[in-house]
Amino acid sequence: MLHRRTLLAAPLVALAPPALAQAPRPQPAAKPEASFLPYIDGVKAEALKAGIRQTTLDTAFRGIRTPNAKVIELDRRQPEFTLTWEQYRQKVISDARIARGREHYARHRALITEICAKYRMHPAPLMGIWGLESHYGQFTGGFNVIEALTTLAWEGRRAAFFRAQLMSALKIINAGDIAPERMLGSYAGAMGQGQFMPDSFLRFAVDHDGNGRRDLWNDVGDILASIANYLSKSGWAAPLGWGQQITVPPGFDPSLAGRDNRKPIAEWARLGIRPRAPLPPETQAAVI
């Protein structure tokens, strides 16, 4: 989750475009499996130089002898299209998910209030991310993160990215936050109930209860505080929402849309953009 989405300091004024077809993504040539174990040897050598203990490496890579074919299959058949907001909402934000979110909010209200006060956060984005990423802990992924990341780094489509994530995952194990056999996540290495990638874990994960471990798999306090810390350090502005529906004038230039083209609401207004609800004129926003 948190690894895939850009979070801006200001709300995004959201305009859902129609679904757009994308060109098929080119796939790298298959690599011989004989190169997998030598690849792991190279990772271990790099990790040792980075200060990771030999015992950590022995435990983390125990039993990993061949690439995980399922990981490669899932990586290569990601959806090659975008959804409109209406399609996305119908698919992902179900009544059952909303009901479960309300139950968890009621159960953990005191903890959520404490965390929101500390990080200047509103409960809504915390509950939304928690629910979207893992259905409040029901679906956190069943892949061995070290095996999955090693497979993707070796396979080569995004070798540098996944090798860096693998090194971060080894650092997490080395710090004692989680045992390798309990470090489970998605096929792409996203971990825990907030689906943090390892580098995001190292930057933003919080030991809320002070027990010496950052447990984003089972400790609700650590999970929610880490999400709040991520948002806070990414510039979330507490009084503002993430976005809202807008109307655009006829002939609006589509090249002005995009997350990186932020302008004050007053400037968008001069271009004919009309938010559904008033926003402070100085608020930085993007049309998406």
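The values are calculated or read from the model by the stated rules, or taken from the named source; none is laboratory data. On a predicted model such as this, the values are computed, not experimentally measured, just so you know. FYI the Cβ positions are ideal-geometry reconstructions off the backbone, even for glycines, and counts take in every protein chain you see. To get the accessible areas, we keep the full protein, side chains included, count just its heavy atoms, and leave off ligands, DNA and RNA. Shrake-Rupley method; radii C 1.70, N 1.55, O 1.52, S 1.80 Å.
Only one residue in GLY210, GLY185, GLY235 is closer than 30 Å to ALA69 by Cα and of a type in the set (Gly, Ala, Ser). Which one? First the steps, then the outcome.
Values: GLY210 fails: closer than 30 Å to ALA69 by Cα; GLY235 fails: closer than 30 Å to ALA69 by Cα.
After applying the criteria, what remains is GLY185.
Please enumerate the residues belonging to region 40-52 that are touching a residue at least 40 places away in the same chain (Cβ under 8 Å) and in contact with a helix residue (DSSP H, G or I) (Cβ under 6 Å, 6 or more places away or on another chain).
Correct list: ALA47, ILE52.
Do we have LYS49 as surrounded by fewer than 14 Cβ atoms within 10 Å (Cβ to Cβ) and charged (D, E, K, R) here?
Taking the combined requirement at face value, the residue satisfies it.
Could you check region 226-244 and list, in sequence order, the residues that are modelled with pLDDT of 85 or more and open to solvent by 30 Å² or more (accessible area, probe 1.4 Å)?
SER232, LYS233, SER234
If only one of GLN195, GLN244 is in contact with a helix residue (DSSP H, G or I) (Cβ under 6 Å, 6 or more places away or on another chain), in contact (Cβ under 8 Å) with a residue 12 or more places away in the chain and of a type in the set (S, T, N, Q), which one is it? Don't jump to the end; show me each part of the working.
On the way: GLN244 fails: in contact with a helix residue (DSSP H, G or I) (Cβ under 6 Å, 6 or more places away or on another chain).
Answer to the check: GLN195.
Going by what's in this entry, would ILE129 be described as aliphatic (A, V, I, L, M), out of contact with any Pro (no Cβ under 6 Å at 6 or more places or on another chain) and without any contact (Cβ under 8 Å) to a residue 40 or more places away in the chain?
It is false that ILE129 is aliphatic (A, V, I, L, M), out of contact with any Pro (no Cβ under 6 Å at 6 or more places or on another chain) and without any contact (Cβ under 8 Å) to a residue 40 or more places away in the chain.
Quick check on my filter: what residues within region 54-103 are surrounded by fewer than 14 Cβ atoms within 10 Å (Cβ to Cβ) and either over 24 Å from the mean Cα position of the chain (by Cα) or within 30 Å of ASN174 (Cα to Cα) (or both)?
Those that are surrounded by fewer than 14 Cβ atoms within 10 Å (Cβ to Cβ) and either over 24 Å from the mean Cα position of the chain (by Cα) or within 30 Å of ASN174 (Cα to Cα) (or both): GLN54, THR55, ASP58, ARG62, GLY63, ARG65, THR66, ALA69, LYS70, GLU73.
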